[in-house]
1. Identify all residues within the stretch 141-181 that are under 23 Å from residue 42 (Cβ atoms), in a loop (DSSP other than H, G, I, E, B), away from the ligand (no atom under 11 Å from the Cβ) and open to solvent by less than 50 Å² (accessible area, probe 1.4 Å); write none if there are none.
2. Of all residues in the stretch 282-314, which are aromatic (Phe, Trp, Tyr) and in contact with a helix residue (DSSP H, G or I) (Cβ under 7 Å, 6 or more places away or on another chain)?
3. Name the one entry in 133, 87 that is free of Cβ contacts under 8 Å to residues at least 12 places away in the same chain, of a type outside the set (Asp, Glu) and not in a loop (DSSP other than H, G, I, E, B).
4. Please indicate, with yes or no, whether at least one residue in the stretch 315-322 is in contact with a helix residue (DSSP H, G or I) (Cβ under 9 Å, 6 or more places away or on another chain) and not hydrophobic (A, V, I, L, M, F, W, C).
5. Suppose we keep only residues that are under 15 Å from the mean Cα position of the chain (by Cα) and not basic (Lys, Arg) within the stretch 289-303. Which one would you say is surrounded by the most Cβ atoms within 10 Å (Cβ to Cβ)?
6. Among the numbered criteria (1) touching a Lys or Arg at 6+ places or on another chain (Cβ under 7 Å); (2) assigned to a helix (DSSP H, G or I), which single criterion is violated by residue 184?
7. Could you look through the stretch 1-49, keep only residues that are closer than 29 Å to residue 221 by Cα, in a loop (DSSP other than H, G, I, E, B) and β-branched (Val, Ile, Thr), and pick out the one that is nearest to the ligand (Cβ to nearest atom)?
8. Check the stretch 193-213 and report whether any residue there is assigned to a loop (DSSP other than H, G, I, E, B), in contact with a Lys or Arg (Cβ under 7 Å, 6 or more places away or on another chain) and surrounded by 15 or more Cβ atoms within 10 Å (Cβ to Cβ).
Amino acid sequence: MVNKKSYVAQLISLKKPAVTSASAFAPANIALCKYWGKKNLELNLPTTPSLSISLGNRGSNVNISIAAQNYLSINNQVVASTSTAFKRTFDFLNLLAPNDIKFAVQSSNNIPTGAGLASSASYFAALTLALNKLYNWQAPLTTLSCLARLGSGSACRSLYHGFVKWLNCDDPLQSYGIPLTTSWEELRIGLLIFDPTQKSISSRQAMLHTQSTSPFYKSWCENSIKDFEILHSAINQKNFQLLGETAEYNTFSLHAVMLSARPAIIYSKPSTLHAIEKVHELRCNGVQVYLTQDAGPNLKLLFLEKDLAYISNFFSELEVVSPFAKVDNWAP
Ligand code: PMV
């Protein structure tokens, strides 16, 4: 079996940093067809294909510089060296750095961290892009996507704007995000954040637990493959109803398979269910709005620009993202 070190050696040759400091931005991404389970734990290879939409200018800005001591801050808060975030960061850097260089990493996220809003995806994607500059690897995006995937699976989709797919393939060198060419200017994502606190169980742990204990995991995978195909054609045809219905169905299938794990994993809070009811109420009134939920209690709403005023009025706390709006200074 290929281990991480030898896998990285196939992708890049480790060398000395070219500069002492580098920065990069990467967008968060929201999965419409979710990644939930690994067929290779070491290399983060998924059991199913997934498909996401990136959140434009919402994501992570990461600066990395050579330092005397390893140091991590997120949103100007120093992260303890005993924390999971610190360990994940420096395990990742140890893989990609040739010797015992120490780094100071500063990340600022303009989405809540660890609340199921894909901040780890944008973080590892931005960190990989910053490393590409620090080491002057000049690596193609497919390579950087493979590297980011080792930090967090869904990070491989955060290297791009717009719709991105990640296929379930057996060759780890081909397991990267692939941007779709469709641009859908009218599409809006509403972030409904009622709980910005850290989730109780990480998606990494939760997906492994689901995979190893749910009697329905195999059905989830079979269904997810179908959802992926339907979502792909909904995007090609710009069929919003099909996109919304399928994304919402995929979400509820995901949370159902988590509920069937032993013990059950429950990310929803009473406020989540209350908001789901409100979305369904709007739909009963003829408004085309759909929801998606990841490993956290918050919801993301999918709708079109024409319904923006109505929906924003209904959900006063909604933060609206235009995923296809031009993003300044985006040079991965
Ligand atoms: O990449 P991870 O390990 O943070 O897992 C992401 C899991 C979901 O956000 C729930 C789904 C997805 O495809 O992004």
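The values are calculated or read from the model by the stated rules, or taken from the named source; none is laboratory data. Computed from a predicted structure; not experimentally measured. Cβ sites come from the backbone with ideal geometry, for glycine too, and all protein chains shown count toward neighbours. In case anyone asks, the SASA skips ligands and DNA or RNA and just uses the protein heavy atoms, side chains included. Shrake-Rupley method; radii C 1.70, N 1.55, O 1.52, S 1.80 Å.
1. Hits for the stretch 141-181 are 159, 169, 175, 176.
2. 290, 303, 314
3. Just a single option satisfies the conditions, and that option is 87.
4. Yes, the stretch 315-322 contains at least one residue that is in contact with a helix residue (DSSP H, G or I) (Cβ under 9 Å, 6 or more places away or on another chain) and not hydrophobic (A, V, I, L, M, F, W, C).
5. Only one residue fits best here, namely 295.
6. With respect to (1) touching a Lys or Arg at 6+ places or on another chain (Cβ under 7 Å); (2) assigned to a helix (DSSP H, G or I), residue 184 is out only on (2).
7. Looking at residues that are closer than 29 Å to residue 221 by Cα, in a loop (DSSP other than H, G, I, E, B) and β-branched (Val, Ile, Thr), I get 48.
8. Yes: the stretch 193-213 contains one or more residues that are assigned to a loop (DSSP other than H, G, I, E, B), in contact with a Lys or Arg (Cβ under 7 Å, 6 or more places away or on another chain) and surrounded by 15 or more Cβ atoms within 10 Å (Cβ to Cβ).
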